1. Ignoring everything except DSSP H segments at least 4 long, calculate the 222 nm mean residue ellipticity for the chain; use -39,500 (n - 2.57) per segment, divide by total residues, nearest 500.
2. Using a 1.4 angstrom probe, figure out how much accessible area the range 9-241 has per residue, in square angstrom, rounded to the nearest whole.
3. Rounding to the nearest 20 debye, state how big the charge dipole of the range 9-241 is about its Cα centre with +1 on each Lys and Arg Cβ and -1 on each Asp and Glu Cβ.
4. Consider a paramagnetic label point 7 Å from the Cα of Glu148 along Cα→Cβ; state which residues of the range 156-172 have an amide N under 16 Å from it.
5. Kindly identify the range 191-236 as rounded, prolate or oblate by the Cα gyration tensor criterion: order the square roots of the eigenvalues as a ≥ b ≥ c, call it rounded if a/c is under 1.5, otherwise compare a/b with b/c, prolate if a/b is larger, else oblate.
6. Roughly how many percent of the accessible protein surface of the range 20-152 is carbon and sulfur, given a 1.4 Å probe and a whole-percent answer?
7. In the chain, what % of DSSP beta bridges are antiparallel (nearest 5)?
8. Output ³J(HN,Hα) for the range 82-98: one whole-Hz value per residue in order, computed from phi by the Karplus curve 6.51 cos²θ - 1.76 cosθ + 1.60 with θ = phi - 60°, and x for Gly and Pro.
Amino acid sequence: MSSEPKSVVEAVEVSKKYKRGKISIPAVNGIDLTIGKGEIVGITGPSGSGKSTLLNLIGGLDRPSNGKVLVDGVNLDDLSDAELSNYRLKKIGFVFQFYNLISTLTALENVELPMSLANVPNEEQRKRALELMSTVGLGMRADHMPDELSGGEQQRVAVARALANNPSVILGDEPTGDLDSKSAKALMELIKSLQKERKTTFVLVTHDPLVVGQCHRAYSVRDGKIAHELSGKELGKIMAESQFY
Ligand SMILES: Nc1ncnc2c1ncn2[C@@H]1O[C@H](COP(=O)(O)OP(=O)(O)OP(=O)(O)O)[C@@H](O)[C@H]1O
Ligand SMILES: [Mg+2]
């Protein structure tokens, strides 16, 4: 009998209310979802529907008001703040819309940073960072500063950085939102090849029907709730044809 958890991410009745004075804003309002190892899952929906809030709950950047989030079978609610930040460092890779690279570090040093924070020995950091730079197709750009790279290249460095500590899941919040369509396509090809070759799990928040179309499964979120769950292909097609997305 294997004791491996069935899912990488499981959200059970998860809610997040923000308080503004006396007003309570239900940003996420009772969401259940399960994400298996090696899946690429899309999350889409209108602005303000709660996508980023949901991603932040999965990533342990925020704690739910109700319900629970499990990653690799561990209930994040059981973790202290220090354990939660260690969890983020080791178990989650984040990719943001505007890359968020440290501008004073080279591309390679940006990839080394999460390993340095996790106390990986220096030699191993360098070796692994160089491997990851070549995995994302930027072996020749390792010594470039972020502002010497295109947006698409910076986002590939961000993906390499996200992979640094071998996370259980990579969370992307509008990872193609600032990219031209050619770079966006290339980023999705990279994501698909990482999924294929390393069984990396991705959760991608996006407004882009082309991104959703490449996901195995996709959820659409409305008013903090799951409105639909479809194959990426189906939801991508609906989004491309509908004025509501
Ligand atoms: N820190 C906060 N304090 C108060 N309200 C917040 C906070 N963060 C988000 N909200 C509110 O929660 C709701 C969901 O926000 P969220 O950022 O998750 O939406 P989103 O789906 O990611 O939107 P977008 O597509 O524009 O990025 C919105 O009504 C937003 O105004
Ligand atoms: Mg958002």
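The values are calculated or read from the model by the stated rules, or taken from the named source; none is laboratory data. Not measured: the values here are computed from a predicted model. So basically every Cβ, Gly included, is an ideal-geometry build from the backbone, and we count neighbours across all protein chains shown. Side chains included, ligands, DNA and RNA excluded: accessible areas come from the protein's heavy atoms. Shrake-Rupley method; radii C 1.70, N 1.55, O 1.52, S 1.80 Å.
1. After summing the helix terms and dividing by residue count, I get -11500 deg cm²/dmol.
2. 48 Å²
3. Magnitude of the dipole: close to 460 debye.
4. 157
5. Prolate is the answer for the range 191-236, as a/c is 1.5 or above and a/b outweighs b/c.
6. Carbon and sulfur: 50 percent of the exposed surface of the range 20-152.
7. Around 60 percent of the beta bridges assigned by DSSP in the chain are antiparallel ones.
8. 5, 5, 5, 6, 5, 4, 4, 5, 8, 9, 10, x, 10, 10, 10, 4, 9
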